[in-house]
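Here is the structure we will look at, set down as structure tokens.
The values are calculated or read from the model by the stated rules, or taken from the named source; none is laboratory data. It should be emphasised that the depicted structure is a prediction, and the values quoted were computed from it without experimental measurement. Using ideal geometry, Cβ is built from the backbone for each residue, glycine included, and neighbour counts are taken over all protein chains shown. In case anyone asks, the SASA skips ligands and DNA or RNA and just uses the protein heavy atoms, side chains included. Shrake-Rupley method; radii C 1.70, N 1.55, O 1.52, S 1.80 Å.
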Amino acid sequence: MGVKRVKSEEVIQKFRETEALLEGHFVLSSGLHSAVYLQCALVLQHPREAAAFGAGIAERFRGESIQTVASPAIGGLIIGHEVARARGARFIWTERENGQMVLRRGFSVSPGERVLVVEDVVTTGGSTRETIIALQAYGANVIAAASIIDRSSGQADVGVPRIALATLNVASVEPAVCEACKRGEPAVKPGSRKK
Ligand SMILES: [Zn+2]
């Protein structure tokens, strides 16, 4: 009651307005080609939008007890923090140490602690899954995972229930089978774009 559910189209619209979502023909950091490029930092640089997305994710877990929100650094830091703020929960993050996702900086979780794992974008779900495994090693009860955007068409399996504020149905493909490449359209690497 009272809290408006954040609509998928509104989320996508905010991404477009801030150029956090570009449409065309792109080379992703993975080397795969896609018709959509996402750079969440460009929308999350606006605290108002970050807070709205955080409240939107928090709302989806209304009625569920969440003691702690945890995110994989760096991508999950801003949105995870905003979800935790909206829920009055603690916020911690995992980061890589010798290639493994771990809790550092004196962070810990207790056995049975109810944790929500939050990331900005789920593509394969790899970072979220690694964070869940790291927390479960402490005995944490990871109740679910969430992201602003799911670009896996809902396919990524992280081993716990998962939600996203918006789901994109766009394929990321090997250059050899890319339709845009076959049409001779040049692929752009947005990160290296000069202005
Ligand atoms: Zn291509």
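Restricting VAL122, VAL27 to those that are open to solvent by 20 Å² or more (accessible area, probe 1.4 Å) and β-branched (Val, Ile, Thr) reduces the list to VAL27.
Looking only at residues of the range 1-21 that are surrounded by 14 or more Cβ atoms within 10 Å (Cβ to Cβ) and outside any helix (DSSP H, G or I), we find that the one that is nearest to the ligand (Cβ to nearest atom) is LEU21. Restricting attention to the range 22-45, does a residue exist that is on the phi > 0 side of the Ramachandran plot and more than 16 Å from the ligand (Cβ to nearest atom)? There is no residue in the range 22-45 that is on the phi > 0 side of the Ramachandran plot and more than 16 Å from the ligand (Cβ to nearest atom). Can you find a residue that is within 30 Å of HIS33 (Cβ to Cβ) and surrounded by fewer than 20 Cβ atoms within 10 Å (Cβ to Cβ) anywhere in the range 87-97? Within the range 87-97 (the criterion being within 30 Å of HIS33 (Cβ to Cβ) and surrounded by fewer than 20 Cβ atoms within 10 Å (Cβ to Cβ)), the answer is yes, since at least one residue qualifies.
Scanning the range 44-67 for residues that are in a helix (DSSP H, G or I) and either open to solvent by less than 10 Å² (accessible area, probe 1.4 Å) or not charged (D, E, K, R) (or both) turns up LEU44, PRO47, ALA50, ALA51, ALA52, PHE53, GLY54, ALA55, GLY56, ILE57, ALA58.
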